[in-house]
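Nothing in this text is a laboratory measurement; each read-out follows from the coordinates by a stated rule. As the structure is a prediction and not an experimental result, all values here were calculated from the model. In this analysis, Cβ positions are derived from the backbone assuming ideal geometry, glycine residues included, and neighbour counts consider all displayed protein chains.
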Amino acid sequence: MAGEKVVLSPIEKEDVRLFQRWINDLVVTRYTRPHQITTLESEKQWFKRIISSKDDATFAIVDKKSGRTIGNVSLMKISNVDGNAEFGIMIGDKNYWGKGYGTEAAKLILDFGFNVLRLHEIYLRVKAFNKRAVKAYEKAGFKPAGVLRQNHFFAGKYHDVYLMDVLDKEFKSSAVKELLDSSARRQR
Ligand SMILES: CC(C)(COP(=O)(O)OP(=O)(O)OC[C@H]1O[C@@H](n2cnc3c(N)ncnc32)[C@H](O)[C@@H]1OP(=O)(O)O)[C@@H](O)C(=O)NCCC(=O)NCCS
């Protein structure tokens, strides 16, 4: 899956050390799971589980220009009964924050979820103080779906957690449908 700035690519064994470094960096994890301390061994086990999981689709986010892996993005707890999944993203390389990479990666995986996996709804949870994430999610197409009040404790305070979601009919495909259109154009 390729956009203008990023490519969503399969995660590789070589990415594991990078991911482990990011998820132990409190500057990054204050937005995700700050309480979790992850050893290289447990991250390797996560990798083994995730590459064979039918309930998750996880991609590395690769900067098109440099070819560097800058983060990862997932659809988790994929339910074929309800047609839904939970979205998660982490750009671990802080130099890439606020430059449109997260919005584009989110749009690409939503496209994959709706137009390849045939999902109906994709939802997420985001801490209210993570304003950059909320803005990126709105730009990708997510809408407010509720508030879990004082759901998260961090830095001596309880914080609200927002629920956001997007339905298949609300999402405009930019990458997947274009593949079909361009192959039809070539065949004409
Ligand atoms: C959240 C994350 C995926 C967003 O990706 P990103 O590439 O940094 O975000 P984008 O540049 O695509 O969009 C961010 C938007 O928020 C805006 N923004 C940044 N800081 C802001 C703030 N404090 N208040 C309001 N808006 C803010 C930016 O200006 C930008 O909007 P614009 O394009 O209209 O100017 C990324 O920052 C990240 O992974 N952060 C660390 C981990 C994390 O938070 N994961 C998500 C957990 S739910």
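Using a simple spin-label model with pseudo-atoms 7 Å out from Cα toward Cβ, residue 81 and residue 55 lie 1.2 nm apart.
Summarising the amide proton neighbourhood of residue 120: residues at separation of 5 or more, or on other chains, whose placed amide H is nearer than 5 Å comprise 84. One Cα centroid belongs to segment 114-188, the other to segment 28-45; the line between them spans 23 Å. Past 24 Å, Cα to Cα, is the threshold; run 48/157; 107/143; 48/177; 99/143; 44/143; 13/127 against it and keep the listed order. Beyond 24 Å between Cα atoms: 48/157; 48/177; 44/143; 13/127. Go ahead and run the numbers for FRET between residue 37 and residue 155, Cβ-Cβ distance against an R0 of 22 Å, rounding to 0.05. E between residue 37 and residue 155, to the nearest 0.05, is 0.80.
Suppose every K and R has +1 on its Cβ and every D and E has -1 on its Cβ; what is the size of the dipole of the chain about the Cα centre, in Debye to the nearest 20? Mind dumping the intermediate values first?
Working: 33 positive and 23 negative charges, 86 e Å.
About 420 debye.
Beyond 19 Å, the tail of the calculated P(r) for segment 85-188 holds 51 percent of the Cα pairs.
With no solvent and one equal point scatterer placed on each C-alpha of the chain, evaluate the Debye formula and give log10 I(q)/I(0) for q = 0.17 Å⁻¹, two decimals. Log10 I(q)/I(0), no solvent term: -1.22. The local environment of residue 168, defined by Cβ-Cβ distances under 10 Å, has a net charge of 0 under the rule Lys, Arg +1 and Asp, Glu -1.
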